[in-house]
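Bear in mind that the values in this text are calculations on the coordinates, not laboratory data. Here the structure is a predicted model, which means the values were calculated and not measured. Ideal geometry is used to build each Cβ from the backbone, glycine not excepted, and the neighbour counts take in all protein chains shown.
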Amino acid sequence: MSKREGEGCPRKKKTDGTQIQKNDQRETSNINPSSAVLSSFRAFQQELDTKHDKYERLVKISRDITIESKRTIFLLHRVTSVPNVEEVLEEADGKLDSVRQKIGQIAEELRGEDLYQFHRAFTPGIQEYVEAVSFQHFIRHRTLISLEEINARLVFMRGEKEDAKSDQVMTVRQEPAVLTFQVTPTDYLLGVADLTGELMRMCISSVGNGDMDTPFQLGGFLREVHDGFAYIGNTGPYEVSKKLHTLRQSLAKVEDACYTLRVRGSEIPKHMLADVFSSRAVLLDQDEGMA
């Protein structure tokens, strides 16, 4: 005898949505708004919202620093094609001063805060600034700027404040507050590693403009930088070891340019040297990609 359909399989009771909603309302109404637990969580919420807003402001400032620093680097590349180099460097000084003012805003936001809690928000901009200021320093002095020299320029002073009350303007005099911003060693190393790419472009541009001495100066400087990074090796931060490959690529292109100048410089017309180096750089990139 066949069993009736559905026998032995009890149906599950359907959950009543209205009943759940009523239960939630009862639980909510039973919560004491002045309880210590709720007060603690409201304080946590406010603290997290404040830190999130600060983080977003730092990201925005970092983007502005990156944009202005890139513009400064583009300006500095003109030194290979203009007769008055000092004029370009002075214009770059003005742009870097405006970048430092934005770094001062970061220092203001970080007052009383742990720098490393917000480090990821502004590290791209700081690395770009290190790249720009070290590029300018190399063009002017043919040396690498130190971390101490960079940090010495990142000292900011706060002046007076004025508060308006009724019809009078009260000037609240305060002792000048000193704000400092310290570039971390990791940001400094990453900025210097990016500098090598700009020096490689400067080398090719110099040759295209008939300057045969600059590539050999750049080659020697890049070898010293490469030796320093190779000495760090894998003992440093992970990001630094990743930059080492790009640094080697830039060094290889500059050395190839120096080799071509030394061996075949007399065979190739000066106005064609830049095209020859550019094509050889493309071949080097393809060989490294296949490897």
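Quick check: residue separation of residue 209 and residue 70 times 0.36 nm, minus the Cα distance between them. What number comes out in nm?
47.8 nm
Count the net charge of all other residues whose Cβ sits under 12 Å from the Cβ of residue 48, scoring Lys and Arg as +1 and Asp and Glu as -1.
Overall, the nearby charge balance is 0.
What is the spin-label model distance, in nm, from residue 51 to residue 120 if the labels are put 7 Å beyond Cα along the C-beta direction?
1.2
Got a sec? Charge dipole of segment 199-244, +1 on Cβ for Lys and Arg, -1 for Asp and Glu; which of 217, 204, 234 is way out at the positive end?
So the residue we want is 234.
Kindly rank 178-184, 214-220 from highest to lowest mean number of other beta carbons found within 10 Å of each residue.
Highest to lowest by the protection proxy: 214-220, 178-184.
Could you tally the net charge around residue 185, taking each other residue with its Cβ under 12 Å from the Cβ of residue 185, Lys/Arg +1 and Asp/Glu -1?
Surrounding charge for residue 185 is -3.
What shape does segment 64-139 take by its C-alpha gyration tensor, where a ≥ b ≥ c are the square roots of the eigenvalues and a/c under 1.5 counts as rounded, a/b above b/c as prolate, and the rest as oblate?
Taking the square roots of the gyration eigenvalues as a ≥ b ≥ c, segment 64-139 is prolate.
Which entries in the list 60/95; 54/95; 51/95; 70/253; 102/253 go over 27 Å, if you measure between the two C-alpha atoms of each?
Where the Cα-Cα span goes over 27 Å, the pairs concerned are 51/95; 102/253.
For a protection proxy built on the mean count of beta-carbon atoms within 10 angstrom, sort 91-97, 118-124 highest first, please.
Descending mean neighbour count gives 118-124, 91-97.
Multiplying the sequence separation of residue 32 and residue 238 by 0.36 nm and subtracting their Cα-Cα distance, what value in nm do you get?
Gain on stretching residue 32 to residue 238: 69.1 nm.
Take the alpha carbon atoms of segment 186-220, find their center, do the same for segment 227-250, and report the distance between the two centers in whole angstrom.
Distance between centres, Cα-based: 17 Å.
Testing the spin-label approximation: label points 7 Å from Cα along Cα→Cβ at residue 248 and residue 40. State their distance in nm.
About 5.4 nm, to one decimal.
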